[in-house]
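The values are calculated or read from the model by the stated rules, or taken from the named source; none is laboratory data. This is a predicted model, so every value here is computed, not measured. Positions of Cβ are backbone-derived with ideal geometry, glycine not excepted, and every protein chain shown enters the neighbour counts.
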Amino acid sequence: MAIEQIKIGYDNFCYVIYCPIHKKAAIVDPGFDAIKSLRFISANDFILEYIILTHYHNDHSAETKYLKKVAPSSKIVASKEDGKKLPIKPEIFVCDKSQLKVGNILLSFLLTPGHTPGGICIIVDEKAILTGDTLFIGDCGRTDLLGGNLAQMYASLHEKIMALPDELVVYPGHNYDKKPFDSLGNQKRTNKTLKAKTLKEFSTIP
Ligand SMILES: [Fe+2]
């Protein structure tokens, strides 16, 4: 899998998605310690093409400006809804079903509001999904912060994430479980937020 999972800050994950053939890379959610992902990129002689933000929260985006300064040709990618809340303007706005290529690696985007109005998930080569603060291993993102919406989160999880193949590997935005990643099939069977059958049931999950 052409994905490097990097622990940053207190319990956040940042990701580098890369194409080893074309030597291109994208960084996802550089909230802290951007130097860690830059080190991985330079050790492999990759070119940073995209800085992708799953949502606008500071712990996922704070080092975007620094990365843009280090790699001025890279393009910042976010949804329209969350992109306008960032301190630095994205060059590429993605919506549901948008696609981008990092060398040979295909990125497909899903708009998954609920934690924020413009949260996105990124499907990588139909093998993995980076879920930001939409889906964690064993839980989902908070809906009680500014711009959060419980009904939207339920719809994002149950209409979009649940419809995806079990074989996808889920890479979350935070390290909240013993496992740093898991198959979507196992999460469908065990994650209380995906097991809820109705919005009412979902709304009573502690
Ligand atoms: Fe967040």
Right, Lys36: away from the ligand (no atom under 16 Å from the Cβ), within 26 Å of Lys23 (Cα to Cα) and surrounded by fewer than 20 Cβ atoms within 10 Å (Cβ to Cβ) or not? yes
Elements of type helices (runs of 4 or more DSSP H) contained in the stretch 37-107, each with 1 or more residues being without any contact (Cβ under 8 Å) to a residue 24 or more places away in the chain: 64-70
Kindly establish whether Arg39 is closer than 22 Å to Asp177 by Cα and out of contact with any Pro (no Cβ under 8 Å at 6 or more places or on another chain). no
Of the residues that sit in the stretch 142-166 and are within 16 Å of the ligand (Cβ to nearest atom) and within 16 Å of the chain's Cα centre (by Cα), which one is surrounded by the fewest Cβ atoms within 10 Å (Cβ to Cβ)? Arg142
Every residue in the stretch 121-141 that is touching a Leu at 6+ places or on another chain (Cβ under 8 Å), farther than 14 Å from Met162 by Cα and within 11 Å of the ligand (Cβ to nearest atom), please. Gly141
Only one of these is touching a residue at least 24 places away in the same chain (Cβ under 8 Å) and touching a helix residue (DSSP H, G or I) at 6+ places or on another chain (Cβ under 9 Å): Glu167, Glu126. Name it. Glu167
The lone condition Lys65 fails out of (1) charged (D, E, K, R); (2) closer than 30 Å to His158 by Cα; (3) more than 16 Å from the ligand (Cβ to nearest atom); (4) out of contact with any Cys (no Cβ under 8 Å at 6 or more places or on another chain) is (2)
Name the single residue that is nearest to Val28 (Cα to Cα) among those in the stretch 158-206 being part of a loop (DSSP other than H, G, I, E, B) and among the basic types (Lys, Arg). Lys179
Gly118 over 26 Å from Ala26 (Cα atoms), in contact with a Ser or Thr (Cβ under 6 Å, 6 or more places away or on another chain) and within 16 Å of the ligand (Cβ to nearest atom): no
Which one of these does Gly173 not meet: (1) small (Gly, Ala, Ser); (2) free of Cβ contacts under 8 Å to residues at least 60 places away in the same chain; (3) surrounded by 15 or more Cβ atoms within 10 Å (Cβ to Cβ)? (2)
Could you tell me whether any residue of the stretch 60-72 is in contact with a Phe, Trp or Tyr (Cβ under 6 Å, 6 or more places away or on another chain), basic (Lys, Arg) and at pLDDT 95 or above? no
Listed by first then second residue, the pairs whose first member lies in the stretch 1-29 and is more than 17 Å from Glu49 (Cβ to Cβ), whose partner is among the acidic types (Asp, Glu) and crowded, with 22+ Cβ neighbours inside 10 Å, with beta carbons under 9 Å and at least 6 positions apart or on separate chains, are Ile8/Asp29; Ile8/Glu63; Asn12/Asp29; Phe13/Asp29
Whichever residue in the stretch 134-144 is assigned to a loop (DSSP other than H, G, I, E, B) and in contact (Cβ under 8 Å) with a residue 40 or more places away in the chain and, among such residues, is nearest to His60 (Cα to Cα): Thr134
